[in-house]
1. With (1) modelled with pLDDT of 95 or more; (2) assigned to a helix (DSSP H, G or I); (3) surrounded by 13 or more Cβ atoms within 10 Å (Cβ to Cβ) as the list, and Asn58 as the residue in question, which single condition is left unmet?
2. Applying the selection to the stretch 122-148, what residues are surrounded by fewer than 21 Cβ atoms within 10 Å (Cβ to Cβ) and assigned to a loop (DSSP other than H, G, I, E, B)?
3. Any idea which of (1) touching a residue at least 40 places away in the same chain (Cβ under 8 Å); (2) over 21 Å from Met191 (Cβ atoms); (3) in contact with a strand residue (DSSP E or B) (Cβ under 8 Å, 6 or more places away or on another chain); (4) of a type outside the set (S, T, N, Q) is the one Ala106 doesn't satisfy?
4. In the stretch 226-247, what residues are over 20 Å from Thr273 (Cβ atoms) and either within 18 Å of the chain's Cα centre (by Cα) or at pLDDT below 95 (or both)?
5. Determine which member of the set Leu240, Leu260, Leu256 is touching a strand residue (DSSP E or B) at 6+ places or on another chain (Cβ under 6 Å) and not basic (Lys, Arg).
6. Can you tell me which condition His266 does not meet? The list is (1) of a type outside the set (S, T, N, Q); (2) within 18 Å of Pro16 (Cα to Cα); (3) in contact with a strand residue (DSSP E or B) (Cβ under 9 Å, 6 or more places away or on another chain); (4) part of a loop (DSSP other than H, G, I, E, B), and all the others hold.
7. Checking the condition under 18 Å from Gly239 (Cα atoms) and either not hydroxyl-bearing (Ser, Thr, Tyr) or not in a loop (DSSP other than H, G, I, E, B) (or both), which residue from Phe6, Phe36, Phe27 passes?
8. Among the residues of the stretch 61-86, how many are among the β-branched types (Val, Ile, Thr), buried (at least 21 other Cβ atoms within 10 Å of the Cβ) and part of a helix (DSSP H, G or I)?
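The values are calculated or read from the model by the stated rules, or taken from the named source; none is laboratory data. Here the structure is a predicted model, which means the values were calculated and not measured. Glycine gets a Cβ as well: all are built from the backbone with ideal geometry, and neighbour counts include every protein chain shown.
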Amino acid sequence: MTGLPFRYSARPRRRPLKLPGDARVAFYVAPNVEHFPVGRPAISLFPATLGCPPDPLNYGWRDYGLRVGLWRVADALAERRVPASVAVNSAVCDLYPEVVEEGLKAGWTWVCHGRDNATFQAGMDEEEEREFLAGVLGSIERATGRRPQGWLGPALTETFNTPRLLAEQGLSYVLDWSNDDEPFALDVPGMVAIPYLGELSDITIFHMHGGSPEDFTRAVCDHFDRLYAEGAVRPSVMGLGVHPFLIGQPGRIGALERALDHIIGHEGVWITTSDEVAAWFHSTLET
């Protein structure tokens with residue numbers, strides 16, 4: 001396969017969604033819980049030391065997310081009864097069992113996020129990728145007791161074969177395609193794409209654009225406010241991805257808390273998980 005796994009669809013020509021409870025917006029939060037192998041290129045605070053393993057400056061910056069930042073994010077969500085759709089590397093399940101234990105206690109939804117954030121499938125042939133996906137999904141299933149239903153590629157990467165191979169493995173949705181405000185069916189039987197906001201990611205706002213906590217809160221709230229207003233006629237899905245080594249910093253966690261408080265303070269918002277959005281959307285395709 002060498003083409004995109006979907007066809008163009010102009011939003012005004014679609015029948016408006018009817019969300020559960022007649023909600024205007026479906027909203028979920030996807031903390032990205034990731035492992036970054038030592039000595040491999042990855043997102044960095046100071047690129048000049050990338051070739052100097054163990055690279056304490058950059059490795060420590062990222063590792064802060066697993067040691068500290070994740071728990072601030074988890075507390076912020078739990079205090080507001082916002083469920084977590086955790087995009088987890090399978091290496092996290094193998095190397096950080098405490099994370100899985102805490103997630104199971106909290107009832108997190110688990111989304112497969114590849115093996116680690118330095119390994120992409122690009123360049124794999126079909127059989128190699130099939131074996132790779134079976135391995136990472138198996139690791140997460142053994143650790144959590146449940147096979148993931150969704151996929152978010154590391155750095156939102158796929159091959160042209162990925163959606164079909166994921167469907168073979170029993171998955172039902174991907175978060176990689178951030179090209180719509182509504183879920184849509186892929187040209188792969190049983191597979192749908194669920195909106196995930198690449199532009200509003202903390203990586204985009206803080207790391208790529210040098211934004212402030214106030215910039216993050218304002219951007220998330222402005223995005224939500226427009227979807228909420230439009231939702232009186234045409235409901236949408238809003239998926240917010242966050243990274244604990246960024247948003248979990250002491251000076252930034254308040255930006256997430258303020259955005260969450262704004263969103264959950266509105267009537268007519270379905271606070272949910274990516275799994276629940278996918279299951280609901282599949283059900284609409286069957287009617």
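1. With (1) modelled with pLDDT of 95 or more; (2) assigned to a helix (DSSP H, G or I); (3) surrounded by 13 or more Cβ atoms within 10 Å (Cβ to Cβ) applied to Asn58, the lone miss is (1).
2. Residues satisfying the conditions are Ala122, Gly123, Met124, Asp125, Gly145, Arg146, Arg147.
3. It is condition (1) that Ala106 fails.
4. Pass one, the stretch 226-247, residues over 20 Å from Thr273 (Cβ atoms): 226, 229-230, 232-234, 245-246.
Passing the criteria: Phe245, Leu246.
5. Numbers: Leu260 fails: touching a strand residue (DSSP E or B) at 6+ places or on another chain (Cβ under 6 Å); Leu256 fails: touching a strand residue (DSSP E or B) at 6+ places or on another chain (Cβ under 6 Å).
Among Leu240, Leu260, Leu256, only Leu240 is touching a strand residue (DSSP E or B) at 6+ places or on another chain (Cβ under 6 Å) and not basic (Lys, Arg).
6. The failed condition is (2).
7. Numbers: Phe6 fails: under 18 Å from Gly239 (Cα atoms); Phe36 fails: under 18 Å from Gly239 (Cα atoms).
Step by step, each of Phe6, Phe36, Phe27 is checked, and only Phe27 is under 18 Å from Gly239 (Cα atoms) and either not hydroxyl-bearing (Ser, Thr, Tyr) or not in a loop (DSSP other than H, G, I, E, B) (or both).
8. So the first thing to find is which residues in the stretch 61-86 are among the β-branched types (Val, Ile, Thr), and the list is 68, 73, 82, 86.
Now drop any that are not buried (at least 21 other Cβ atoms within 10 Å of the Cβ), which leaves 73, 86.
Now drop any that are not part of a helix (DSSP H, G or I), which leaves 73.
Count: 1.
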